[in-house]
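This report concerns only the one structure given below.
The values are calculated or read from the model by the stated rules, or taken from the named source; none is laboratory data. Note that the structure is predicted; figures quoted are calculated from it, not measured. Positions of Cβ are backbone-derived with ideal geometry, glycine not excepted, and every protein chain shown enters the neighbour counts. Side chains included, ligands, DNA and RNA excluded: accessible areas come from the protein's heavy atoms. Shrake-Rupley method; radii C 1.70, N 1.55, O 1.52, S 1.80 Å.
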Amino acid sequence: MAIKENVDIINLSLEIDKDISSVYKVIKKAYDRDIIIVAASGNNGTGKVSYPGKYKEVLSVGSYNNFFEKSQFSQYGKELDFVGPGEYMNQEIENTDQVNNGTSLATAFVTRSVALFYLENDVSSNIHLYSYLKNSVIDLNQKGYDIHTGYGIINVEKLLE
């Protein structure tokens, strides 16, 4: 449905333990149409990013805590691209305020960042956007990319400069 509607961004706040060819086929089709797909890395704390975040066509998002460290529950690995805030996040669910944790919350932050960038810029391709995102980060852990926090936290202010 999202592909038919010609959306710019798809947020997948879910995790699947195994590669499913029909899921990959849809992701690839969306990617080939320059739709940005953002997905959660998973919440089991293992060194194995869950699908669909594991696919190279997807921006995989983990979570960091209030100390700017990888959240204990956040899955990590070489497929991880970025991290977002994912601990002690206030949400309103069924008219009740709740505090929750998870890489899905971090994924929403990255999706929002991408959407704001789209509002201000002409994005010609996935690769074009990806380079802007990587150049806007606040680096965590070691300098440059690492498997626990990816490229880091997207600095929305810098991204929108």
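Among (1) more than 19 Å from Ser124 (Cβ to Cβ); (2) out of contact with any Leu (no Cβ under 7 Å at 6 or more places or on another chain), where does Ile3 come up short?
With (1) more than 19 Å from Ser124 (Cβ to Cβ); (2) out of contact with any Leu (no Cβ under 7 Å at 6 or more places or on another chain) applied to Ile3, the lone miss is (1).
For region 1-90, list the strands (runs of 3 or more DSSP E) that sit wholly inside it and hold at least 2 residues that are touching a strand residue (DSSP E or B) at 6+ places or on another chain (Cβ under 9 Å) and among the β-branched types (Val, Ile, Thr); which are they? Spell out the reasoning first.
Values: elements: 9-12, 36-40, 59-64, 82-85.
Here the list reads 9-12, 36-40.
Tell me which of these Thr103 doesn't satisfy, since it passes every other one: (1) of a type in the set (S, T, N, Q); (2) at pLDDT 85 or above; (3) open to solvent by 40 Å² or more (accessible area, probe 1.4 Å).
(3)
Between Glu157, Glu94, which is at pLDDT below 90 and surrounded by fewer than 21 Cβ atoms within 10 Å (Cβ to Cβ)?
Working: Glu157 fails: at pLDDT below 90.
Going through Glu157, Glu94 in turn, just one is at pLDDT below 90 and surrounded by fewer than 21 Cβ atoms within 10 Å (Cβ to Cβ): Glu94.
Looking at (1) surrounded by fewer than 16 Cβ atoms within 10 Å (Cβ to Cβ); (2) free of Cβ contacts under 8 Å to residues at least 40 places away in the same chain; (3) under 25 Å from Glu69 (Cα atoms), find the lone condition where Ile127 falls short.
(3)
Given the criterion touching a helix residue (DSSP H, G or I) at 6+ places or on another chain (Cβ under 7 Å), at pLDDT below 95 and either of a type in the set (Phe, Trp, Tyr) or within 21 Å of Thr46 (Cα to Cα) (or both), identify the matching residue among Tyr151, Tyr132. It would help to see each step written out before you state the result.
Numbers: Tyr151 fails: at pLDDT below 95.
Being touching a helix residue (DSSP H, G or I) at 6+ places or on another chain (Cβ under 7 Å), at pLDDT below 95 and either of a type in the set (Phe, Trp, Tyr) or within 21 Å of Thr46 (Cα to Cα) (or both) holds for just one of Tyr151, Tyr132, which is Tyr132.
So, in region 49-61, how many residues would count as being in contact (Cβ under 8 Å) with a residue 24 or more places away in the chain and surrounded by fewer than 14 Cβ atoms within 10 Å (Cβ to Cβ)?
At the first step, the residues of region 49-61 found to be in contact (Cβ under 8 Å) with a residue 24 or more places away in the chain are 49-55, 57-61.
With surrounded by fewer than 14 Cβ atoms within 10 Å (Cβ to Cβ) added as a condition, the list becomes none.
Residues in region 49-61 being in contact (Cβ under 8 Å) with a residue 24 or more places away in the chain and surrounded by fewer than 14 Cβ atoms within 10 Å (Cβ to Cβ): 0 in total.
If you go through region 143-150 one residue at a time, do you hit one that is in a helix (DSSP H, G or I), under 17 Å from Ile37 (Cα atoms) and open to solvent by less than 40 Å² (accessible area, probe 1.4 Å)?
no
Could you tell me whether any residue of region 130-137 is more than 14 Å from the chain's Cα centre (by Cα) and open to solvent by 60 Å² or more (accessible area, probe 1.4 Å)?
First pass over region 130-137, keeping only residues more than 14 Å from the chain's Cα centre (by Cα): 131-132, 135-136.
Remaining after also requiring open to solvent by 60 Å² or more (accessible area, probe 1.4 Å): 132, 135.
Checking region 130-137: at least one residue is more than 14 Å from the chain's Cα centre (by Cα) and open to solvent by 60 Å² or more (accessible area, probe 1.4 Å).
Considering only residues that are surrounded by 13 or more Cβ atoms within 10 Å (Cβ to Cβ) and part of a loop (DSSP other than H, G, I, E, B), which ones fall in region 107-124?
Pass one, region 107-124, residues surrounded by 13 or more Cβ atoms within 10 Å (Cβ to Cβ): 107-118, 121, 123.
Within region 107-124, Asn121, Val123 meet the criteria.
Look through Tyr31, Tyr64, Tyr76 and report the one residue that is of a type in the set (Ser, Thr, Tyr), farther than 25 Å from Asn141 by Cα and either open to solvent by less than 70 Å² (accessible area, probe 1.4 Å) or touching a residue at least 40 places away in the same chain (Cβ under 8 Å) (or both).
Working: Tyr64 fails: farther than 25 Å from Asn141 by Cα; Tyr76 fails: farther than 25 Å from Asn141 by Cα.
Sole residue among the options that is of a type in the set (Ser, Thr, Tyr), farther than 25 Å from Asn141 by Cα and either open to solvent by less than 70 Å² (accessible area, probe 1.4 Å) or touching a residue at least 40 places away in the same chain (Cβ under 8 Å) (or both): Tyr31.
Go through Ile36, Ile10, Ile20 for me and flag whichever is among the β-branched types (Val, Ile, Thr), touching a residue at least 60 places away in the same chain (Cβ under 8 Å) and either within 21 Å of Ile154 (Cβ to Cβ) or open to solvent by 40 Å² or more (accessible area, probe 1.4 Å) (or both). Steps first, please.
Values: Ile10 fails: touching a residue at least 60 places away in the same chain (Cβ under 8 Å); Ile20 fails: touching a residue at least 60 places away in the same chain (Cβ under 8 Å).
Sole residue among the options that is among the β-branched types (Val, Ile, Thr), touching a residue at least 60 places away in the same chain (Cβ under 8 Å) and either within 21 Å of Ile154 (Cβ to Cβ) or open to solvent by 40 Å² or more (accessible area, probe 1.4 Å) (or both): Ile36.
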